[in-house]
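Notes to accompany the following structure.
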Amino acid sequence: MLLLGTQRIIDALPCAIMRHPLRTNRKDDHLPDIYARLGEILADILDGDDVELRPDTTAADVEGWDSLNNIRFMSEIESVFGVRFTTSELTGLDNVGALVKILEARAR
């Protein structure tokens, strides 16, 4: 019986890893991956090439990143990273770096 339970846990690991791509044992070694994944998500929304995002990047820095696409972007981030943002978190975002900080905090 225990073996069956253990097997289920092992079988579920790839799904759990995909739902929580930020989890890691070493602090900050996953940051480039977060920025790259956010850039891919935004590029898909904008129907363009990959967008290179940095901590200081804002919507004004990216062509086509308007208010409607911002809503789509945040919704997709919630889906991909398995998080839900509060209204105060969303209104407090000044740049991509602030977004990454929230994602990092949720991954712990």
Seminar exercise, completed: Ordering 82-89, 68-75 by per-residue average of other C-beta atoms within 10 angstrom, highest first, gives 68-75, 82-89
Seminar exercise, completed: So Ser67 and Leu90, fully extended at 0.36 nm per residue minus their Cα-Cα distance, gain in nm 7.0 nm
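Readers should treat all values here as calculations from the given coordinates under stated rules, not as data from a laboratory. Every value quoted in this text rests on a predicted model; they were computed, and no experiment measured them. Neighbour counts are summed over all protein chains in view; Cβ atoms, including those assigned to glycine, are modelled from backbone coordinates with ideal geometry.
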